[in-house]
Structure formats: C-alpha cells, structure tokens
1. For Val143, only one of the following conditions fails: (1) under 19 Å from Gly164 (Cα atoms); (2) modelled with pLDDT under 95. What is its number?
2. If a residue counts only when it is of a type in the set (Lys, Arg) and either surrounded by 15 or more Cβ atoms within 10 Å (Cβ to Cβ) or touching a strand residue (DSSP E or B) at 6+ places or on another chain (Cβ under 8 Å) (or both), which helices (runs of 4 or more DSSP H) contained entirely in segment 72-172 have at least 2 such residues?
3. Is it the case that Arg139 is basic (Lys, Arg) and without any contact (Cβ under 8 Å) to a residue 40 or more places away in the chain?
4. For segment 99-118, which residues satisfy the criterion of being within 24 Å of Pro154 (Cα to Cα) and of a type in the set (Ser, Thr, Tyr)?
5. Pick out the one residue from Phe69, Phe55 that is surrounded by fewer than 18 Cβ atoms within 10 Å (Cβ to Cβ), among the hydrophobic types (A, V, I, L, M, F, W, C) and touching a helix residue (DSSP H, G or I) at 6+ places or on another chain (Cβ under 8 Å).
6. Among the candidates Val102, Val115, single out the residue that is of a type in the set (A, V, I, L, M), at pLDDT 95 or above and under 16 Å from the mean Cα position of the chain (by Cα).
7. Are any residues in segment 63-75 in contact with a Pro (Cβ under 8 Å, 6 or more places away or on another chain) and closer than 21 Å to Glu163 by Cβ, and if so, which ones?
Amino acid sequence: MRLSRAAAWLLPLVLAGAAPAPENNSASTSERGRLGEFIPVSPPEPAPAVSFVDFAGNTVSLAEFAGKFVLVNLWATWCEPCLREMPSLDRMQRRLSDKITVVAISEDRGGSTTVEPFIDKLGLKSFKTYLDPKSGAGRALKVEGLPTSVLIDPEGRVLGRVEGAAEWDSSKLLGVLRSFLGSDDVIKASFRRARP
C-alpha cells in the first residue's frame, strides 16, 4: 500500500518533468548556457564577502585578492567532473600566472586530511588550494553544483561563471579569458607552446 501511494504521488511529478518547457521560459537553456561553458554576468555585480581557510587553518578572505583577476573554483574530491577539470585548471594557471589567480576552494567536509593527499597525487602545483568544509563560500556565491568557477575582476566584480567541468586550457575558454584580461600575447604564445 505504501509503495502504490508513493508511486501515485511521484507519477505526476515524473510526467511533468517529461513535458516540454513553455516557450516563454525566462531561464531557457540558451540563456543559462550549457555545462562547461562561460555564462557572463551583465552588468558585472559585486562579489560577496567570502572567507575560507588555508591548509594551516588561517582564514583567508576573497578581498585579499583585490587588484587581480581571480578565478574562484569550487570543487570536491568526491566530484568526478571536478577530478577531470583540475589538471586543465592547473595548466591554465601555469600559463597565465601573471594575469589571473586561481583560488581553488574545496568543499570537502574532511578538510586538509582529505584534500592535501588528493592534490599531491594529481601533482597540482600551479595554484593554491583552500578549504571550505561548511560550504559558506559555495552558498555566498550561489553555487548549485560542483564544480563551479566564478571569474572576478580586479575591482571585485563577478564577470561570469562556468558551471560543470571545463577545459580551462582549451582555445575556447582561453579566448573568453583573453576578452577580460586584455593583452592576449601571453595567452597566444602559451597556447602555441602547449598545443603544437
């Protein structure tokens, strides 16, 4: 009896989910973008006050990165798309270290004992990793899933985001970054060296 009652309650929800979305849906797929694609924020909006900790337990504020382009990447060791994304994020940071700072924030509840061995195993050395075991940064940045990356300009304004795994050293995303970073000589030269 319990099973049939639950099925009767779930069936309309499943069928409603299978129905086509109305044409005037304001949050259409084309407006939201697809996973792994840059979604611009227009006009740019102030980044929220966010803090997290380093592996030593010191509190770090997003405001400490003022004056730089920052890519905040929220991820976790249990997140398969995050694992696929991290090496390309590391390569992008290595190439653009003088133009942008990657701030990788782990949402793992286990803190540094979970995250540090993972970082070492993958050989991620180009960016610093921080911890946010209570997901305060994720909530403040309105993250709906992992990985999510948020691009912030030197004035502390959110320029856009990528939801889902991305190839950060691909020509497409390097082009997006180039449009914000200005001079693209470093990006073009790095891209040629990376992809003969």
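1. The single condition Val143 does not satisfy is (2).
2. Filter on segment 72-172 gives 80-95.
3. Against the criterion (basic (Lys, Arg) and without any contact (Cβ under 8 Å) to a residue 40 or more places away in the chain), Arg139 qualifies.
4. Hits for segment 99-118 are Thr101, Ser106.
5. Among Phe69, Phe55, only Phe55 is surrounded by fewer than 18 Cβ atoms within 10 Å (Cβ to Cβ), among the hydrophobic types (A, V, I, L, M, F, W, C) and touching a helix residue (DSSP H, G or I) at 6+ places or on another chain (Cβ under 8 Å).
6. That would be Val102, the only listed residue that is of a type in the set (A, V, I, L, M), at pLDDT 95 or above and under 16 Å from the mean Cα position of the chain (by Cα).
7. If the condition is that a residue be in contact with a Pro (Cβ under 8 Å, 6 or more places away or on another chain) and closer than 21 Å to Glu163 by Cβ, then Phe69, Asn73, Leu74, Trp75 are the ones that fit.
The values are calculated or read from the model by the stated rules, or taken from the named source; none is laboratory data. Keep in mind that what you see is a predicted model, and the values were worked out from it rather than measured. Cβ atoms come from the backbone with ideal geometry, glycine included; neighbour counts cover every protein chain shown.
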